[in-house]
Amino acid sequence: MSFPGRAVQRTWHLVDASSQTVGRLATTIAPILKGKHKPTFRPNGDCGDYVVVINADKVHFSGKKWDDKIYRWHTGYPGGLKERPAKDMLARKPESVLKKAILGMLYRNNLRQTYMEPRLKIYAGPDHPHKAQLPDGVETLPVHPRKRKGSYHFGLGDKYSVTPFQVGLGDNA
């Protein structure tokens, strides 16, 4: 069964990146850009949503990644390999740290370049020009949990029963 492309509804999601780990935040945003949360998802179709990320300059890395993680790129000229550590990258372009992590989780094809990448809007501060597109009283997406316990249901909500593993009763401590 095919789904006509002109009937796809696009929604806008707001994500607050302050005090969140880069990789955990990217695993929350990448499926929204793909459209995997929709029942009409097709891997070869364009069905993703818009994502607005604010406070990208306040993200965190775990461990010693601020010093050890190095971003590399090539200018295209001989001897043009450039590299920069993560803390320098955050100081110069705070949006690109999160953008590289999110785009690294997407398929490298024409859908990514022409459809998914332009729908990702990342801003270093709390202000953004997309207040008209976001509905009134919009709440940010929930913070990705550090452990697989608690009330975070990965988009399933209250559709399934609560297991002892989710509540934290499965601990032997």
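Just so it is clear, none of the values below were taken in a lab; they were calculated from the coordinates. What you see is a predicted model, and the numbers here were worked out from it, not measured in a lab. Counting neighbours? That spans all protein chains shown, and the Cβs are built from the backbone with ideal geometry, glycine included.
Scanning residues 5 or more positions from residue 140 or on other chains, none has an amide H under 5 Å from its amide H, with H placed 1.01 Å from N in the peptide plane.
Checking every one of the trypsin sites (Lys or Arg not before Pro) in region 13-68 against DSSP loop status and a limit of 11 other Cβ atoms within 10 Å picks out 64. Remark: region 62-70, residue by residue, has Karplus-estimated 3J(HN,Hα) of 8, x, 9, 5, 4, 9, 8, 6, 10 Hz, where x stands for each Gly or Pro and the curve is 6.51 cos²θ - 1.76 cosθ + 1.60 at θ = phi - 60°. Other residues whose C-beta falls under 11 angstrom from the C-beta of residue 42 contribute a net charge of +2, scoring Lys and Arg +1 and Asp and Glu -1. Extension gain, residue 134 to residue 110, is 6.0 nm, computed as 0.36 nm per intervening residue step minus the present C-alpha separation. Each residue of region 139-145 was assigned a 3J(HN,Hα) from its phi angle through the Karplus expression (A = 6.51, B = -1.76, C = 1.60, θ = phi - 60°), giving 9, 6, 5, x, 5, 5, x Hz with x at Gly and Pro.
Overall, region 1-131 carries a charge dipole of about 260 debye about its Cα centre when +1 sits on the Cβ of Lys and Arg and -1 on the Cβ of Asp and Glu, all other atoms neutral. For region 85-98, putting each phi into the Karplus relation 6.51 cos²θ - 1.76 cosθ + 1.60 with θ = phi - 60° gives couplings of x, 5, 6, 6, 5, 5, 6, 7, 9, x, 6, 6, 5, 6 Hz, in residue order, rounded to whole numbers and with x for Gly and Pro. Amide H contacts under 5 Å for residue 124: 56, restricted to partners 5 or more places along the chain or on a different chain, H placed in the peptide plane at 1.01 Å from N. Computed over neighbours whose Cβ is under 15 Å from that of residue 113, the net charge equals +4, Lys and Arg +1, Asp and Glu -1.
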